[in-house]
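Written below as structure tokens is the structure these notes are about.
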Amino acid sequence: MAKFRWYVQVAKKGVTYRFILGKWFRGQYFGNLLGCEISFLNFGALNLVTHFWTYMDIRQQLIEHLKQFASAPFIFVGSGLSRRYLGLETWERLLRKFCEGIKDFEFYNSLADGDLAQVASLMDEDFHAYWWSSDNYKESRLIHKSKVKQKSDPLRMEICIYLSSLEIKNAADMPLAEEVSLLRNISIDGVITTNWDGMLESLFGDYKVFFGQNELLFSNPQSIAEIYKIHGCASDPSSLVLTKDDYKDFERKNPYLAAKLITLFVEHPIIFLGYSLHDPHIGFLLRNILDALGSDKVYKLQNNLIFVQQAHGASASVIPSFIAIDKSQLPITVVKTDDFSSVYSALQESKRKLPIRILRFFKEQLYDLVRTTEPSAKLFVKYIDQIQSKDDVEFVAGVGVAAEERASEKGYEGFGSIDLFSDLILEDRALKPNLVVNKTIPMLGKNNTYLPIFKYLKAIGASSYEDCKRLGINLDKHYSGDLIFYRNKSYEKSYNRDVLGKSAAEIVDFYSPEKAAIYLAYLEGENFDCALVKKFLVVNFGFIKNKDSKSTQFKKLACFYDYICFGWHSGVASP
């Protein structure tokens, strides 16, 4: 058969995709290989139509799109997916369900001007009284009354009991059984969700679950085989982001969460399932991620964000688009389809050589190996199917790390300032103080003013300026003897007018991280809470890593923390 150079036109459900082939193909062989309904068009010389199965379009386009990333995707799951597979009510219908026995939903909704979080806040007092008196909740009271500590607890508990009763049906004849089967086996690194129900845990049983912002912020997530339930989980009623106060607290901490998630959004494709493009929670989170990333670095998210939307009977499509976040235009890809099988099938394309739970255990152990200074002599063989937790994993890693016993003296001259800040705040480097003082700081000091120094000076016994002079250590560039060295002078008036008298905790709670970093440096003596400030710096460590104007004040605060908590004075306990 003669060879031709073809245009290929692919059709499915009324959608037409036209491609120019970059290679020469035998027409008959190519038709058999692709398996689609295709039209072969070769500049008018031939018009051949061949009919095959129709599955190439969305699946193939997503596969090609995901090939550009070195990391597997995260999926970001909203309530639409729980409605699709569990039949879960919308948030409004869920609240209506628990208005039975108290006032009509419309009463609360009118008082709240349609704000459902405020509706929940208004309902909780009436529901609290009803729960304690109604025979409908008699059995529940007997079991759970000792757990009720706050007004909103009965409403939280009953919502969680209801959600925990919902399960994905296993029947093969359920309408979306094929989709659920495909979803269970997608190849991803993890899940982020605002959902409370347990559907995702049942789908991804090997994944570790973090629920609520606090657990995620103050834990050690490995970014593989993990589920982040950022609005809480039905297994812990107190973790739910339900009422207006809950949402205010969530939004106050949202910049911290954004800093925690920013690496995921930059390094992984993020596939949104079950969310509207106009969902306010997604918009708020993306805004905080952009604020942490900086508007000049929006390009780093290009191609990373993929929104899967129901087509509602319209033709399936994959379309580049934008979301307007304040003054920034955030590029996204929108996939519209009523059949999610093609999306899940594309996410199965990349196969792992090891089970994902094993990879997570390895990563946890390697993290612990770098942090610890305790020797271990254990080495044994274990079948991979017998590994059930990270404590079952023992391995030898040939990795060069900046741990205490591994870094050579020459290597200390190559450390960056971020290594010192990380060692001070995250305590993940185990650096030798004498080598930091004699090798690292002199080298970094050529181009850096703000460096943590007092932790290392204290460790080598240099407890005064005279000690440093005697040891030949020149600190003139990094310590002026005046606390103004660590402060932003332009904020002195506003501090004295608005902040003076507030505690460290009040400053952290009331102000944005950027403002808090400035004002915390004005606290002195016992007013400076070392433990709290360290926790604040841990949460906001992403600001220190960023190379922009915001990072300077966080570095100043870290150096002030270093001076106050390890420096040459008394009265403040080290953390």
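Would you mind classifying the stretch 213-304 by shape? Square roots of the alpha carbon gyration tensor eigenvalues, ordered a ≥ b ≥ c; an a/c under 1.5 is rounded, otherwise it is prolate if a/b is larger than b/c and oblate if not.
On the way: a/c = 1.65, a/b = 1.42, b/c = 1.16.
Prolate shape, in that a/c is at least 1.5 and a/b is the bigger ratio.
Is the stretch 431-473 best put as rounded, prolate or oblate by its Cα gyration tensor, with a ≥ b ≥ c the root eigenvalues, rounded for a/c under 1.5, and otherwise prolate when a/b is larger than b/c, oblate when not?
Values: a/c = 1.74, a/b = 1.40, b/c = 1.24.
Because a/c hits 1.5 or more and a/b exceeds b/c, the stretch 431-473 counts as prolate.
For the stretch 114-172 and the stretch 498-531, what is the centre-to-centre distance using only Cα atoms, to the nearest Å?
One Cα centre to the other: 38 Å.
Rounded, prolate or oblate: which fits the stretch 485-575 when a ≥ b ≥ c are the square roots of the eigenvalues of the alpha-carbon gyration tensor, with rounded for a/c under 1.5 and prolate only if a/b beats b/c? Don't skip to the answer; put the middle values down first.
Values: a/c = 1.43, a/b = 1.09, b/c = 1.32.
Since a/c stays below 1.5, the shape of the stretch 485-575 is classed as rounded.
Taking the alpha-carbon distance from Lys67 and a cut-off under 14 Å, which aspartates and glutamates remain once sequence neighbours fewer than 8 residues away in the same chain are dropped?
Reachable aspartates and glutamates: Glu267, Glu349.
For the charge dipole of the stretch 250-308, defined by +1 on Lys and Arg C-beta atoms and -1 on Asp and Glu C-beta atoms about the Cα centroid, which residue among Leu286, Asn303, Leu257 has the Cα displaced farthest towards the positive pole?
Result: Leu257.
By per-residue mean of other Cβ atoms within 10 Å, what is the highest-first order of 176-182, 157-163, 131-137, 192-198?
Numbers: 176-182: 16.4, 157-163: 19.6, 131-137: 14.7, 192-198: 24.0.
Highest mean packing first, the order is 192-198, 157-163, 176-182, 131-137.
What does the extension gain come out to for Phe218 and Glu413, with contour length at 0.36 nm per residue minus their alpha carbon separation? Walk me through the numbers before you get to the answer.
Numbers: separation 195, 0.36 × 195 = 70.20 nm, distance 3.15 nm.
Stretched out fully, the Phe218 to Glu413 stretch lengthens by 67.1 nm.
Before I look further, what does the stretch 252-339 give for accessible area per residue, probe 1.4 Å, in whole square angstrom?
Working: 3730 Å² over 88 residues.
With all protein chains present, the stretch 252-339 gives 42 Å² per residue.
Between beta-carbons, use under 12 Å as the cut-off and find the net charge around Ser341, counting Lys and Arg +1, Asp and Glu -1.
Values: positive: Arg59; negative: Glu178, Glu179, Asp338, Asp339.
Residues near Ser341 contribute -3 overall.
May I ask you to give the percent of accessible area on the stretch 460-520 that is carbon plus sulfur, with a probe radius of 1.4 Å?
Numbers: 1750 of 3550 Å².
With neighbouring chains kept in place, the figure for the stretch 460-520 is 49 percent.
Using modelled backbone amide H atoms (1.01 Å from N, in-plane), which distant-in-sequence or interchain residues come within less than 5 Å of Phe272's amide H?
Phe76, Ile306, Phe307, Val308
Set the Förster radius R0 to 35 Å, insert the Cβ-Cβ distance between Lys515 and Ser235 as r into 1/(1 + (r/R0)^6), and round the FRET efficiency to 0.05. Could the numbers behind the result be given before it?
On the way: r = 36 Å, r/R0 = 1.02.
E(calc), rounded to 0.05, equals 0.45.
Of Lys446/Lys535; Lys248/Lys535; Lys147/Lys229; Lys151/Lys229, which ones are farther than 26 Å apart at the Cα?
Values: Lys446/Lys535 30 Å; Lys248/Lys535 21 Å; Lys147/Lys229 22 Å; Lys151/Lys229 24 Å.
Lys446/Lys535, as the Cα separations exceed 26 Å there.
The values are calculated or read from the model by the stated rules, or taken from the named source; none is laboratory data. Given the structure is predicted, the values throughout are model-derived calculations rather than measurements. When we count neighbours, we look across all protein chains shown, and the Cβ atoms used for this are built from the backbone with ideal geometry, even at glycine. Heads up: the accessible areas ignore ligands, DNA and RNA and are worked out on the full protein's heavy atoms, side chains in. Shrake-Rupley method; radii C 1.70, N 1.55, O 1.52, S 1.80 Å.
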